[in-house]
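The values are calculated or read from the model by the stated rules, or taken from the named source; none is laboratory data. None of these values were measured; they are calculated from a predicted model. Using ideal geometry, Cβ is built from the backbone for each residue, glycine included, and neighbour counts are taken over all protein chains shown. Ligands, DNA and RNA are stripped out before the accessible areas are found, and what is left, the full protein with its side chains, is counted by its heavy atoms. Shrake-Rupley method; radii C 1.70, N 1.55, O 1.52, S 1.80 Å.
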Amino acid sequence: QVQLVESGGGLVQAGASLRLSCAASGRTSSTNAMGWFRQPPGKEREFVAAISWSGVRTNYAGSGRGRFTISKDNAKSTVYLQMDSLKAEDTAVYYCAAARYYASSNRDDYTYWGQGTQVTVSS
């Protein structure tokens, strides 16, 4: 099994930046990709960004492209989501997830999920 713990969320004003972290532990040898999803209040969970375990391949949703950056640390134990120029529409619970195959944008391709961290952006 893989355990994922997100952190770094908070309340910020529009235009500010946040860096979310996702610490992975457990059977990470079966994990080939990590992703970030978000769920705005009253809406469905949506794809934000994904990265291969090696860190070579990345994918971004159009909503965050150019503002968000996904990355991994040198030990490959933590995945980050750097969010710049935040907007009110970025307000959501952000979830970290692990997949066995590619850095997919489809939430059904992810097997393990963290508990989520709240990001609130005031306008």
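Summed over the range 68-110, residues that are modelled with pLDDT under 95, open to solvent by 30 Å² or more (accessible area, probe 1.4 Å) and assigned to a strand (DSSP E or B) total 1. Every condition in (1) over 21 Å from Gln1 (Cβ atoms); (2) modelled with pLDDT under 95 holds for Val121 except the one numbered (2). Looking at Gly26, is it touching a Ser or Thr at 6+ places or on another chain (Cβ under 9 Å) and either over 21 Å from Asp108 (Cβ atoms) or surrounded by fewer than 20 Cβ atoms within 10 Å (Cβ to Cβ) (or both)? It is false that Gly26 is touching a Ser or Thr at 6+ places or on another chain (Cβ under 9 Å) and either over 21 Å from Asp108 (Cβ atoms) or surrounded by fewer than 20 Cβ atoms within 10 Å (Cβ to Cβ) (or both). For Ala49, the conditions (1) in contact (Cβ under 8 Å) with a residue 40 or more places away in the chain; (2) part of a strand (DSSP E or B) are fulfilled apart from (1). With respect to the numbered conditions (1) out of contact with any Cys (no Cβ under 7 Å at 6 or more places or on another chain); (2) surrounded by 18 or more Cβ atoms within 10 Å (Cβ to Cβ); (3) closer than 21 Å to Gln118 by Cβ, which one is the sole condition not fulfilled by Trp36? If we test Trp36 against (1) out of contact with any Cys (no Cβ under 7 Å at 6 or more places or on another chain); (2) surrounded by 18 or more Cβ atoms within 10 Å (Cβ to Cβ); (3) closer than 21 Å to Gln118 by Cβ, just (1) comes out false.
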